[in-house]
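Novice: Provided herewith is a single structure, encoded as structure tokens, for subsequent inquiry.
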Amino acid sequence: MNLRDLRYLVALAEHRHFGRAATASFVSQPTLSTQIKKLEEELGVALVERTPRKVLLTEVGREIALRAREVLGEIEQIRAAAQRTRDPESGTVRLGIFPTLGPYLLPHVVPAIRARFPRLELLLTEEKTEVIQRQLREGRLDAGILALPIHDDQLHQEFLFEEDFVLAVPEGHALASLPALKLGDLADQNLLLLEDGHCLRDQALEVCQLAGAVERSGFRATSLETLRQMVAAGVGITLLPSLSVKPPVATSNDIHLVPFRGDPPSRRIAMVWRKSSAIVAFLKTLAGVVRSVPSELLDARAAGPAARTQRRAGGRASSRSR
């Protein structure tokens, strides 16, 4: 048994197709098929059910593929540790981030990361929270930037910052005339929300529950940009994270943004990684760079220095989304 054959098995488990697995592994299909067959002979068990249209792994095949993925992840950690020893700020880091944060945070932090770590290769993956957590556990990602809370004992959570929500309404909407909102102003309002699987949906639903608002029936968006366009078209109102309405994001003349007064709803963002990671010290340094995002981008009201300092420390409670 060798690592190459384990990689072939993992690729087959992911793609469920010999041709696609071979392409992903940069070998010919006959080569991959032959090596999988040799692995089956060596182990004395059938790993794969071969059908004309697709490939199914047997129960033991799925278990071995899962263990193989863990082994390969550990091998990558060993290589990363050796690389860090030679040059702590070089090598490759695989970072996951969820879709309602990535496009708005990364333009502010990637230049700072590149300036701080010029020899670092940063590989970014944009996926929903549950996918990032799974890939972290499997060793396919080194770290993730996620919204709290995260319920996973295998993952260390390094708090980064807290980000306000702002209400986006069409021009002419009754709430557009208010300089600022209190949560009670949302009572009986219908909000446009994202589809299931987005953490922003769960956060918005929590705000709705606190405020007495409800989800608009018959519509669920697949992205934050779809929500934005629906508001601009006058379809309804929604909650948007502060970063998504700050430069370099373009403004829209058809959308009015109303901040919340007092203690506004918000989301808390953290960088997470496996507690067993071989590059914990480096990831803590990387988290420090991400944490340096300007405070005024996180505050829908562009609060003063005292308020920004408190939010950096995670000092607010009550209506924020957890």
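Novice: If P241 passes every condition in (1) assigned by TED's automatic domain parsing to the domain that holds D153; (2) buried (at least 20 other Cβ atoms within 10 Å of the Cβ) but one, which one does it miss?
Specialist: Only one criterion in (1) assigned by TED's automatic domain parsing to the domain that holds D153; (2) buried (at least 20 other Cβ atoms within 10 Å of the Cβ) is unmet by P241, namely (1).
Novice: Another one. Looking only at residues in segment 273-297 that are out of contact with any Leu (no Cβ under 6 Å at 6 or more places or on another chain) and more than 25 Å from L155 (Cα to Cα), which one is surrounded by the most Cβ atoms within 10 Å (Cβ to Cβ)?
Specialist: Filtering segment 273-297 for residues that are out of contact with any Leu (no Cβ under 6 Å at 6 or more places or on another chain) and more than 25 Å from L155 (Cα to Cα), the one surrounded by the most Cβ atoms within 10 Å (Cβ to Cβ) comes out as S295.
Novice: Here's a check for you: in segment 81-126, which residue that is assigned to a strand (DSSP E or B) and polar (S, T, N, Q) is farthest from the chain's Cα centre (by Cα)? It would help to see each step written out before you state the result.
Specialist: Taking segment 81-126 as the starting set, the residues that turn out to be assigned to a strand (DSSP E or B) are 91-97, 120-126.
Imposing the further condition that a residue be polar (S, T, N, Q) reduces the set to 92, 125.
Details: T92: 18, T125: 8 Å.
By that ranking, first place goes to T92.
Novice: Let me confirm something: among L95, L120, L155, L183, which residue is crowded, with 16+ Cβ neighbours inside 10 Å and touching a helix residue (DSSP H, G or I) at 6+ places or on another chain (Cβ under 6 Å)?
Specialist: L183
Novice: For segment 203-230, what are the residues that are free of Cβ contacts under 8 Å to residues at least 40 places away in the same chain and of a type outside the set (A, V, I, L, M, F, W, C)?
Specialist: Q209, G212, E215, R216, S217, G218, R220, T222, E225, T226, Q229
Novice: Next up: Filter segment 109-140 down to residues that are touching a residue at least 40 places away in the same chain (Cβ under 8 Å) and hydrophobic (A, V, I, L, M, F, W, C), then give me how many there are.
Specialist: Counting residues in segment 109-140 that are touching a residue at least 40 places away in the same chain (Cβ under 8 Å) and hydrophobic (A, V, I, L, M, F, W, C) gives 5.
Novice: Determine which single condition E126 fails, assuming it passes every other condition in (1) surrounded by fewer than 17 Cβ atoms within 10 Å (Cβ to Cβ); (2) more than 21 Å from A281 (Cα to Cα); (3) modelled with pLDDT under 90.
Specialist: Answer for E126: the failing condition is (3).
Novice: Tally up the residues in segment 170-192 that are within 31 Å of the chain's Cα centre (by Cα), in a helix (DSSP H, G or I) and free of Cβ contacts under 8 Å to residues at least 40 places away in the same chain, please.
Specialist: 3
The values are calculated or read from the model by the stated rules, or taken from the named source; none is laboratory data. In this text the structure is predicted, and so the values were computed from the model without any measurement. All Cβ positions, even for glycine, are placed from backbone atoms using ideal geometry, and neighbour counts span all protein chains on display.
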